[in-house]
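One structure below.
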């Protein structure tokens, strides 16, 4: 998240908050209220890393390859009513639901920021939205003190945008609003002039889709989708709270298009690469050209694979999993271990290209994921990441520090615990 400049900050309404109100404000109070009244949004919020910050004036969500974060400014939230905080939290959840944080940001990104807010705010009751929210069919409003801080050019630009937004229909997609806004000459003029760029709205959109490779982006998309699927499942069992039938239908439609587990496994292996230097006569040695060979980099990840021998991973599923590893072994080095209550070092198998182990079982004890985590962390200088193939039925292990962890679950199985935010969870179909 990056800090907004002073020109843009002037469009956020600053509510006066006493020092006592600031100190006493507790975000957890509102999260507990969501737990009881908004099961769908609550499940999403429980999956997020929550960080208080002064670097942004309001609030926002961001994703990277390791975690999904809700950023919030105490002074801004403490100045809102309970209703407005409810609307703000729903708004941030819906940015995740609709994939705005895990897709490549459209350019010009300023127009895309407006478009995503217009789409989301169509689904939230107006009385719940903080001041400054973009609502299709409704003009923007500013207080007199805010107008006084703006130049004549900024006021004209603001009023033109306000009239345009007031002319837009409700309940359309972000893509629809992006196209309509992009057609407007005043909007195009504003985008081209950095001095005239006005960031209206009440949340921060910085960092969306930045700094990640395509493979990392796909993994993040799958992680967000899994969170939304779990939220929908829990809501179906309890209730959906204030989520409308129309929005519920849209969410169920979005999560019904499953990503193939094989593709996710390939992407996970693809972004755990390490560098190896090898001599090459085709490369010039920078220090001794023509005397000694140069070096070339080889990108080949080294990944540990732990296979659960205790549960309901069938031989057929093992065959499918091994077949995928076999196809990935051209560019990845796998170290295969079997485990139950402990990791069987004697079963270690170094997976070479086109050389795969036989499917067979040698262990019969109960499952202990902590033994796997301990083994992987002990060998994290050797491995870039590790994969656990399991039915998920055991106690939660400790955090996997300094090494990526991926859970691959047998069909119709799920983890018996909430995975860490840095973990990748892949369900076989």
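Listed highest first by mean packing, meaning other Cβ atoms within 10 Å per residue, what order do 315-325, 77-87 come in?
77-87, 315-325
Among 41, 147, which comes first, second and so on when ranked by fewest other beta-carbon atoms within 10 Å?
Ranking 41, 147 by Cβ neighbours within 10 Å, fewest first, gives 147, 41.
Can you sort 419, 213, 102 from fewest to most other Cβ atoms within 10 Å of each residue's own Cβ?
213, 419, 102
Quick one: Cα centre-to-centre distance for the range 358-429 and the range 89-140, in angstrom?
For the range 358-429 versus the range 89-140, the Cα centre distance is 37 Å.
Take the Cα gyration tensor of the range 67-146, multiply each eigenvalue by 5, square-root it, and list the three semi-axes largest first, rounded to whole angstrom.
Value: 21, 17, 13 Å, ordered largest first.
In nm, what is the difference between 0.36 nm times the number of residues separating residue 28 and residue 173 and their Cα-Cα distance?
49.0 nm
Less than 14 Å from a label point 7 Å out along the Cα-to-Cβ axis of residue 131: which backbone N atoms in the range 145-160 qualify, by residue?
Backbone N within reach: 145-149.
Please provide three numbers in whole Å: the alpha-carbon extents of the range 6-219 along the principal axes, with the largest listed first.
Largest to smallest, the principal-axis extents are 46, 45, 30 Å.
Determine, for 127, 91, 109, the number of other Cβ atoms within 10 Å of each Cβ, and report the residues in order from fewest to most.
If I rank by nearby Cβ atoms, fewest first, I get 127, 109, 91.
If you bin every alpha carbon distance in the range 40-102 into 10 Å steps from zero, what whole percent lands in each bin?
Taking all Cα pairs of the range 40-102, the binned fractions are 22, 57, 21, 1 percent.
We did not get these values from a lab; they are worked out from the coordinates using the rules stated. Computed from a prediction, not measured in an experiment: that's the story for all the values here. Note: ideal-geometry Cβ built from the backbone for every residue, glycine included; neighbour counts use all protein chains shown.
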